[in-house]
Amino acid sequence: MNRSGNILLVEDNPYDVELTLRAFEQNKILNKLQVVRDGQEALDYLFASGAHAGRDPKNAPEVVLLDLKLPKIDGLEVLRRMRADERTRRLPVVVLTSSNEEKDIVSSYDLGANSFVRKPVDFTQFVHAVNQLGLYWLVLNETPPGT
Amino acid sequence: MAMTKAARVAGASRSGSLQRRLTVAFAGALAVVIALALAVFHTAERALDSSRHVAQAHEVLQVMVGVEGALLMAQSAVRGFVITGDAIYLRDRDNAVSSLESRVQRLRDLTADSESQQRRWRMLRDRLDGRMELLDRLVLIRQTKGADAAREFLRSVYPPRPPATTGRIHALTGDMVEEEERRLAQRTQEEERASALAVAAGLVLAVLFVLLFSLGYLAIRRQIAEAVRLNVILARRTEEVEAANRELEGFSYSVSHDLRAPLRAIDGFARILVEDYGGRLDDEGKRRLGVIHENTRRMGQLIDDLLDFSRLGKRPLACSAVDMTALAGDVYRELRVAHPEGEAVFDLAPLPQGWGDPAMLRQVLANLLSNALKYVPQGGTPRIEVSGRPNGAENVYCVKDNGVGFDMAYYDKLFGVFQRLHSEKEFPGTGVGLAIVQRVVTRHGGRVWAESKPDEGSSFYFSLPNAASGSFAAAPAATGGLK
């Protein structure tokens, strides 16, 4: 499976999407940011089905930034289905959400999330967090081979 | 949701008086049953006694007949000897006499309970003795002087008319028989009465027993039905409370997630405005965007504090022994690392060991110590003293500062959520710190209080029950949540 260098952002709030894009821009992260708006679309994109049927499923994203509260299929369910499928079993998933409920954190890690980041309200802090994420997952982190 | 305290107390006393009444009723019933059982036993005893008397009377009659028979036999044996001189008749006489004697003795025993019968018995015995003596003399005359002399003696003692002594003996035995028959009749009547009484008492006892048994059964069945009914209500209430808790959880989840997203957008876009259009804004325009930023930050902090406070009530306590001295030192060092600016004096005395949830007690100390560091007059040096002492079943801890203090007139607001005694401008904060302190200490079964004067510093106290005191009673987790 090839690394596309893409980042998959699963986020339903358009303003959060816009802010995330801007934070990437400010942090000079040039990787393509693929945005999907709900859990179903995220799964369609990952498994090249539905609206994304034409996509080459081998072209996997580098990292998935996953919100938990999503329309149709929620983030934890997306995570569960990703981990149950051989194609996305080892794909790095960063849960990026507003909540810091202990329950959400525990469930995310139980289902195989690689990281859990709470989106700060303060935009400066948000930009900083995205920068750290990009640096870690796109530069420092070594992905498992053969996925 | 839950029953009010008053209703619970009323319910408890109602069930208490019901139990008391039930106990009294059963004790009374038991006493009646025991009394009746004793009465039945007594009457049955009497009936048995009467029937023993009846049997005795029958025996008296029988023995009486035997006495007369033995007397006749003795007399006829002696008559035979007088006529024939054959010694065989003397043996018959001896048998008859001994049989007579044993019967007379038996008669005395049987009539021992009646004075009049005893008197008659003594007369009977005397007459019989007289008769025996006469017979002995007759035998002696026949042996020594021959048959004619004996006949002569007999004729002199017994004139041709019926012998008076025999008649008298007969009359006596007749009297005794008559008396005994009268007593027999009386005893038979008594026996019947006693038996009837025993049967009646037994019947009453049986009826009463059945009645009590039925009543007890009904009472128990009613109690069980009541218990089942209460259980159903309890289950329903529990379900309602659980549903309410789930709702509250969903609510705080929404607060945490949904309230923060718009805030992030407000802050983010205000910032973008400054970054992209800053050149076209004058200073007042930039200041106003700064106000937006400051207030979103503050709202974010409020939301986080509110959630922290609400979670405090929900999380179960994980208690263990806590080295309070080490904990206070730790917390202070962390606070100084986060806010190293300026000088500060920290005086930590050895504290009694605490018993509680270490993470929560850390929050208590963190809030008290950070307040002590925060509320210092402009340019002043904070001086903090931490001390503690055992006090009966609890340990009391004190955090004393030399800060701005507060007016005791506003004391009742001190530990309220989002209550502040100072302006945000003077000392920033959301007013949740002392509310957290109070909630944590209360959940540990302790108390919180404070003493202060404006500009003269404050002393904050909290107590924790000893592990050994046994009065450690944490409030149930579900009572937490928002005020």
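The values are calculated or read from the model by the stated rules, or taken from the named source; none is laboratory data. Values in this document were obtained by computation on a predicted structure and should not be read as measured data. Reconstructed Cβ throughout: ideal geometry from the backbone, glycine too, with neighbour counts over all protein chains shown. Ligands, DNA and RNA are stripped out before the accessible areas are found, and what is left, the full protein with its side chains, is counted by its heavy atoms. Shrake-Rupley method; radii C 1.70, N 1.55, O 1.52, S 1.80 Å.
With labels modelled as points extended 7 Å from the Cα through the Cβ direction, what inter-label distance (nm, one decimal) is found for A:V139 paired with B:R389?
So the two model labels end up 6.0 nm from each other.
To the nearest 10 square angstrom, what accessible area does B:R91 show with a 1.4 Å probe?
150 Å²
Under the Kirkwood approximation applied to all pairs of distinct alpha-carbon atoms, what is the hydrodynamic radius of the protein assembly as shown in Å?
One over the average 1/r among Cα pairs gives 36.5 Å for the protein assembly as shown.
Using a Cα-Cα cut-off of under 30 Å, which lysines could be cross-linked to B:K425, ignoring same-chain neighbours fewer than 8 residues away?
Within the straight-line limit of under 30 Å, B:K425 reaches these lysines: A:K119, B:K286, B:K374, B:K400, B:K413, B:K453, B:K483.
Once B and A are treated as a pair rather than alone, how much accessible area drops out, both sides summed, in Å² to 100, probe 1.4 Å?
Accessible area lost upon association: around 2200 Å².
Suppose we keep just the DSSP beta bridges with both residues in the protein assembly as shown; what percent of those would be antiparallel, to 5?
Expressed as a percentage, antiparallel bridges in the protein assembly as shown total about 50.
Starting from the Kirkwood Rh over alpha-carbon pairs, what translational D in µm² s⁻¹ does region A:81-134 have by Stokes-Einstein at 10 °C and 1.306 mPa s?
My calculation gives 130 µm²/s for D.
Hey, rough spin-label estimate for B:I224 and B:R287, points 7 angstrom out along Cα→Cβ, what's it come to in nanometres?
8.2 nm
So how do A:Y45, B:Y410 rank on accessible area, 1.4 Å probe, biggest first, that is with the largest at the start?
B:Y410, A:Y45
Taking every pair of distinct Cα atoms and averaging 1/r, then inverting, what Kirkwood hydrodynamic radius in Å comes out for region B:18-125?
Radius from the Kirkwood sum: 18.2 Å.
Could you tell me the accessible area of B:M299 in Å² (1.4 Å probe, neighbours in place), rounded to the nearest ten?
Accessible surface of B:M299 is approximately 80 Å².
For region A:53-102, what is the charge dipole size about the Cα centre, in debye to the nearest 20, if Lys and Arg each add +1 at the Cβ and Asp and Glu each add -1 at the Cβ?
So the dipole magnitude of region A:53-102 works out to roughly 280 debye.
Between B:T23, B:L306, B:V232, whose Cα lies farthest towards the positive end of the dipole of chain B when Lys and Arg beta carbons carry +1 and Asp and Glu beta carbons carry -1, centred on the Cα centre?
Farthest along the dipole direction, towards plus: B:T23.
When only the heavy atoms of the protein chains count and the probe is 1.4 Å, how do B:M123, B:M360 rank by accessible area, highest first?
B:M123, B:M360
B:R336 accessible area, nearest 10 Å², 1.4 Å probe?
50 Å²
Counting only other residues whose beta carbon sits under 12 Å from that of B:L197, what net charge do I get with K and R as +1, D and E as -1?
Neighbourhood net charge equals -2.
Using a 1.4 Å probe and counting only protein heavy atoms, arrange B:I220, B:I384 so the residue with the most accessible area comes first.
Descending accessible area places them as B:I220, B:I384.
Quick one: grab Rg to one decimal and Dmax as a whole number for region B:225-291, Cα atoms only, in Å.
Looking at region B:225-291, its Cα Rg and Dmax stand at 25.2, 81 Å.
Give the Debye-formula value of log10 I(q)/I(0) at each listed q (0.10 Å⁻¹), with one equal scatterer per alpha carbon of region B:137-283, two decimals each.
Relative scattering, expressed as log10 I(q)/I(0), comes to -0.85.
In bins 20 Å wide, starting from 0, what share of all Cα pairs of chain B does each bin hold, as a percent?
Bin by bin from 0 Å, the calculated values are 15, 23, 14, 10, 10, 12, 10, 5, 1, 0.
Taking amide H atoms as placed 1.01 Å from N in the peptide plane, list the residues 5 or more away in sequence, or in a different chain, whose amide H sits under 5 Å from that of A:N6.
Answer set, sorted by chain and number: A:E62.
Taking the Cα-to-Cβ direction at A:H128 and at B:K145 and moving 7 Å from each Cα, how far apart do the two end points lie in nm?
16.2 nm
Pop the C-beta distance of B:M123 and B:L211 into the FRET formula with R0 = 60 Å and round what comes out to the nearest 0.05.
0.55
Can you tell me which lysines have their Cα less than 20 Å from the Cα of A:K58? Leave out same-chain residues fewer than eight positions away.
A:K32
Just to check I understand the Karplus step: with θ = phi - 60° and J = 6.51 cos²θ - 1.76 cosθ + 1.60, what whole-Hz values come out for region B:455-463, glycine and proline as x?
6, 10, x, 10, 10, 10, 10, 9, 10
Output wanted: per-residue J couplings in Hz (rounded whole) for region B:351-364, from phi through Karplus 6.51 cos²θ - 1.76 cosθ + 1.60, θ = phi - 60°, x for Gly and Pro.
9, x, 4, x, 10, x, 7, x, 5, 6, 5, 4, 4, 4
Cβ under 12 Å from B:M408's Cβ, B:M408 left aside: what net charge do those residues give with Lys, Arg +1 and Asp, Glu -1?
-2
If you average 1/r over every pair of different alpha-carbon atoms in region B:282-379 and take one over that average, what Kirkwood value in Å do you get?
Mean inverse Cα-Cα distance, inverted, gives 16.4 Å.
Can you tell me how region A:1-125 classifies by the Cα gyration tensor, rounded, prolate or oblate, using a/c under 1.5 as the rounded cut?
oblate
Local charge sum around B:D49 (other residues, Cβ-Cβ under 10 Å, Lys/Arg +1, Asp/Glu -1)?
So the surrounding residues net to 0.
Can you give the accessible area per residue of the protein assembly as shown, in Å², using a 1.4 Å probe?
55 Å²
Using a 1.4 Å probe on the protein heavy atoms, what percent of the accessible area of the protein assembly as shown belongs to carbon and sulfur?
After summing per-atom areas, the C and S share lands at 57 percent.
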